[in-house]
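Engineer: Structure below; questions to follow.
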Amino acid sequence: MRIAFFDAKGYDKPSFEKYADEAGITIKFYETKLCEDTVTLARGCDGVCVFVNDEVSATVIDMLLEEGCKFIALRCAGYNNVDLKHLNGRMPVFHVPAYSPHSVAEHAMAMLLTSIRRIHKAYIRTRDFNFSLNGMTGFDLHSKTVGIVGTGKIGRCFIDICRGFGMKILAYDKYPADIPDVTYVDTDTLFRESDIISLHCPLMKDTYHMIDENAIEKMKKRAIIINTSRGALIDARALLSAIKERRIGGACLDVYEEESDFFFEDFSNHIVEDDILTRLISMPNVIVTSHQAFLTEEALDNIAQTTVENITAFMNGETLKNTVSI
């Protein structure tokens, strides 16, 4: 079994090599992303392993089938970058539905605390031996209301963290669960009453730009928005306008609508041409991390193990537990 592994980074290789060797799978690592121009790298391989910013469009799918690929293995939970409708079941797609929900939930809280307690600013100041506290006033999380959109595994981990801070918890989910001390409400109520809004839902047709101009108009002026899910849940242009006009308190973004052109790469010596991204990063009340919420040792190990188990099950003709479909 030979696998073409796209968008490979140094942190991917150790755990994948360990589990692949044990399973007798040969992995060819490519730093480039999968797209129409690179799909021929999968020639002679039984399948491809892709990540969130790889392009698995209709054209790419047709080309993969022409190259003889038999499956697509996603090493992530989301699959909005795969044209499942065009694929139409012609080969299986499997993903990693839960690798370490704690890693993402903890990162969301880390960004929130960094933002509201000005930790990022304090770090820069004290390195210059500036110990002034001017402009560093934050606020308590205790007794604040947090609105959580999506109460799957990650959302529930974030709920547990927020509960530890003594926060009131509102939630929205198409499929509400029985979670103690959590009040399910509609999105309008959640936007209107929450001091912090954290997104933990997949990107689908009905969640695309769920945070838009209309949603922002319903929010409190000091509301903080957190997104560790998918960038296109938020209309980035509307968010920038709201930040500039001081209509919300701030944003903590681990994902961005047009991130595929920039995230996971070093642009420190280049001019970034995305004006919305550069202006968001320049705002004092916006924190941007480069889709790193998943990046813990535990999560990387779980991702590799589950991905290789998915491939091995396919090889052996076993029942595929983690397939995705329309």
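Engineer: Please compute the Cα-Cα pair-distance distribution of the range 113-175 with 5 Å bins starting at 0, giving whole percents from short to long.
Structural biologist: 4, 16, 20, 16, 13, 11, 11, 6, 3, 1, 0
Engineer: How long are the semi-axes of the equivalent ellipsoid of the range 1-130, defined as square roots of 5 times the Cα gyration tensor eigenvalues? Whole Å, largest first.
Structural biologist: They are 36, 17, 15 Å, listed from largest to smallest.
Engineer: With each pseudo-label sitting 7 Å past Cα toward Cβ, what's the Glu318-Glu67 distance in nm, one decimal?
Structural biologist: 2.7
Engineer: Normalised by the empirical 2.2 N^0.38 Å for globular proteins, what value does the Cα Rg of the range 250-326 take?
Structural biologist: Working: Rg = 18.0 Å, N = 77, 2.2 N^0.38 = 11.5 Å.
Taking N as the residue count of the range 250-326, the ratio is 1.57.
Engineer: Let me check something: with ligands and nucleic acids excluded, how do Arg156, Arg127, Arg230 order by accessible area (1.4 Å probe), largest to smallest?
Structural biologist: Descending order: Arg127, Arg156, Arg230.
Engineer: Let me ask something else about it. Report the paramagnetic label zone for Ile326: residues of the range 29-65 whose backbone N is under 15 Å from a point 7 Å from Cα along the Cα-to-Cβ axis.
Structural biologist: Answer for this model: 58.
Engineer: While we're on this one: Taking the Cα-to-Cβ direction at Ala23 and at Tyr123 and moving 7 Å from each Cα, how far apart do the two end points lie in nm?
Structural biologist: 3.5
Engineer: Using a Debye calculation, one point per C-alpha and no hydration shell, please list log10 I(q)/I(0) for the chain at q = 0.10, 0.13, 0.16 Å⁻¹ in order.
Structural biologist: -0.63, -1.01, -1.36
Engineer: Run the quick spin-label model on Arg279 and Glu297: label points 7 Å from Cα toward the beta carbon, then report their separation in nm to one decimal.
Structural biologist: 4.3
Engineer: For the chain, calculate the relative contact order in percent as a whole number, restricting contacts to Cα pairs under 8 Å that are 6 or more residues apart.
Structural biologist: Values: 572 pairs, mean separation 56.7, N = 326.
Dividing the mean separation by the residue count of the chain yields 17 percent.
Engineer: Report, to the nearest 10°, how far helix 153-164 tilts away from the longest principal axis of the Cα atoms in the chain, using its own Cα long axis and a range of 0 to 90°.
Structural biologist: The angle comes out at about 30 degrees.
Engineer: Looking at the range 62-221, how many pairs of lysines come closer than 15 Å at the Cα, when each pair is eight or more places apart or spans two chains?
Structural biologist: Lysine pairs, 8 or more places apart or on different chains, close enough: 6.
Engineer: Roughly to the nearest percent, how much of the accessible area of the chain is carbon and sulfur, given a 1.4 Å probe?
Structural biologist: Whole-percent figure for carbon plus sulfur exposure: 49.
The values are calculated or read from the model by the stated rules, or taken from the named source; none is laboratory data. All figures in this text were calculated on a predicted structure; none of them were measured in a lab. Note that each Cβ is placed from the backbone with ideal geometry, even for glycine, and that neighbours are counted across all protein chains shown. Only protein heavy atoms, including side chains, enter the accessible area calculation; ligands, DNA and RNA are left aside. Shrake-Rupley method; radii C 1.70, N 1.55, O 1.52, S 1.80 Å.
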